[in-house]
1. Could you give the nm distance between label points at Val413 and Glu82, where each point is 7 Å from its Cα heading toward the beta carbon?
2. Taking H as built 1.01 Å from N, whose amide H comes closer than 5 Å to the amide H of Thr220, not counting residues under 5 places away?
3. Return the inverse of the average 1/r over all pairs of distinct C-alpha atoms in region 137-251, which is the Kirkwood hydrodynamic radius, in Å to one decimal.
4. Which residue, Val322, Leu339, Phe306, has the largest displacement toward the positive end of the dipole of region 293-355 when charges sit on each Cβ (Lys, Arg +1; Asp, Glu -1)?
5. Send over the Kirkwood Rh of the chain, from the inverse of the averaged 1/r over different Cα pairs, rounded to one decimal Å.
6. Would you pull out the residues with amide H under 5 Å of Leu100's amide H, same chain only if 5 or more places away, H placed 1.01 Å from N?
7. Could you give the C-alpha radius of gyration of region 472-603 expressed as a fraction of 2.2 N^0.38 Å, taking N as the number of residues it contains?
8. Quick one: accessible area per residue over the chain, 1.4 Å probe, rounded to a whole number of Å²?
Amino acid sequence: MNEHQPVFKTSQLELADAEPRNPSANPTMGEIISARFSRRGFLKGSLAVSAIAATVSPLALLQAEQARAQEGGSAFSFTEVEAGVDETHHVAEGYDADVLLRWGDAVLPDAPAFDPANQTADAQAKQFGYNNDYVGYIPLDGSDEHGLLVVNHEYTNPHLMFPGLVTIVEGEMTMNSLTKEQVDVELMAHGGTIVEIRKVDGKWQVVPDGQYNRRITAMTEMELTGPAAGHDRLKTNADQTGTKVLGTLNNCAGGVTPWGTYIMAEENFHGYFSGELTEDHPEFANYDRLGVPEGSYEWANFHDRFDIAKEPNEPNRFGYIVEVDPMDPTSVPKKRTALGRFKHEGAESIVNKDGRVVFYLGDDERFDYVYKFVTAGTYNPDDRAANMDLLDEGTLYVARFDESGSVEWMPLVHGEGPLTQENGFESQADIVIETRRAADLLGATKMDRPEDIEPNGTNGKVYVMLTNNTRREAEQVDAANPRAENAFGHIIEIAEADGDFAATTGTWEVLLQCGDPSVAEVGATFSTDTTVNGWFGMPDNCAIDSDGRLWVSTDGNNPSATGRTDGLWAVDTEGAARGTSKLFFRVPVGAEMCGPVFTPNAETLFLAVQHPGDGGDDWEGFGRVSYYEDPSTRWPDFDDSLPVRPSVVVVTRQGGGKIAV
């Protein structure tokens, strides 16, 4: 056994490092960047720095950056955290970072105390779930100090959750099979949490008997709405209507709508299914494009709906955007099929100047696409009820990034272009069920793992996090694009035409190519004001604060990749400081940084520390796989009787005030 390699299937699934599923001949983003800049030559400003770092001498780049630096400074004011790796979290000097919610903490009033050695599905259904990812804050009565925290629970790490699963005999590690009770705990640890929180004497705390407190799980009944609802391809033995489904899976990033509903985005749902279909089955090609069945979980051993041989339509009921009304704990969550079916990373939105609402969506897989959805109806700020079904009607678009620096949003509408009956699309239902194939036919641009996408209402731009793509081939590289095996990712900035977020055209440029700028062959393009602590790789989630400033969290920095853990970085996007990055928060070893979100007054920052202790290779000679009995850290409790626990952290400024101002 190579002890430096992940051996646990759920961890490997989260890495999203399987063979690419996109068979189309559409150009990759790397090819677009290369063609664009090799034709346009030396461009002005930060775009030139991003595009031609490999063709200009280091001295010339330094002089250009120094000239820009003289024009103005960073929008962020704080003392940077030192990058590194250890067993706990770190926040910038002058700030407190308090653990607010941990896996197993009570959410419902009758929840039992967390007992990791005796977990049950009933207990977990009332407790905070596992692997918190997206975090959103919904004010109550407009308050910045009293509101609802909504949190996605993306996936489970059974090797860190349950004692006795991992055994080692003569140096050989074995992962034992899960029992039905453990699988049922996993089902209840998925989904999301809605919990009331309040700031008391300067510190945030959970309201234990909050009237809105709720757990949503992989067993919560949900309604399918929109074009695919009721379609034959969504009908199962348990649901002959094709409109009801149990639960939601692999909720990664998400969003809060302008009307105050909670968005959960179903991402790597393919990993939960096992079994086989023959190649002549009508869903075989559909599932192959999505990697179904991947079989990372053992759920099919005990629940037939996860065995595609027994329930071949069940996977068609996952991969959607789920909308939840947090103000009604009895409400039925709705899977909004109009926004397409793929591996959704998130769904951040903005009210357009014409009143329509625009949602930006990333399909988190190597060589897949960037989307947006524009509602047909308009947002009514004075009538919440009038907005509650806006997500059932609208236009879904996929992006093509051209070498000229333009972006075209191509509509995924039945009957337009190749999206016809002749190509297997009988109706709009087929298009949203097979969104990837429809986008393939339109010639969308293959991207390097599109994750969080955030519109910025302050400067009118849109920021696309592209985590990495180690499968890009070397022959795609030239002097203008030195990013073969793109391990560190990049960030693209889109400017929609005329500041209209619903526009079908716009322009784009690379804000940052990530990685260590001191290693020339990496081709990173941070400004020279960025310190040794300020650079990062693998951008994943992001947030725009009330001042329109960009904050980026990461997934994949580790001792072997970058010599540092993941964290939260403040990134300048305007003026002379554009491309400057500063480290504000650092997670414990093995963890990923998720869910950055601010209260409207920017005085509180909520962060999700996901899968702490997973991995930990090469940290201070650790050199072994981390599991329940022998984790690389016992964060956040540091109690030998408790396992490592994913948790939400709340950051406030000592003495009060806005963060990083």
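1. 5.8 nm
2. The list, which skips near neighbours in sequence, is Gly247, Thr248.
3. Details: mean 1/r = 0.0571 Å⁻¹.
By the Kirkwood definition, the hydrodynamic radius is 17.5 Å.
4. Towards the positive end, the residue furthest out is Leu339.
5. Values: mean 1/r = 0.0402 Å⁻¹.
It is 24.9 Å.
6. Amide H neighbours of Leu100: Val648, Val649, Val650.
7. Numbers: Rg = 15.6 Å, N = 132, 2.2 N^0.38 = 14.1 Å.
Taking the Cα Rg and dividing by 2.2 N^0.38 Å, one obtains 1.11.
8. Working: 22660 Å² over 661 residues.
Here the per-residue accessible area is 34 Å².
The values are calculated or read from the model by the stated rules, or taken from the named source; none is laboratory data. Predicted model only: the values in this text are computed from it and were never measured. Counting neighbours? That spans all protein chains shown, and the Cβs are built from the backbone with ideal geometry, glycine included. The area values use the complete protein model at the heavy-atom level, side chains included, leaving out ligands, DNA and RNA. Shrake-Rupley method; radii C 1.70, N 1.55, O 1.52, S 1.80 Å.
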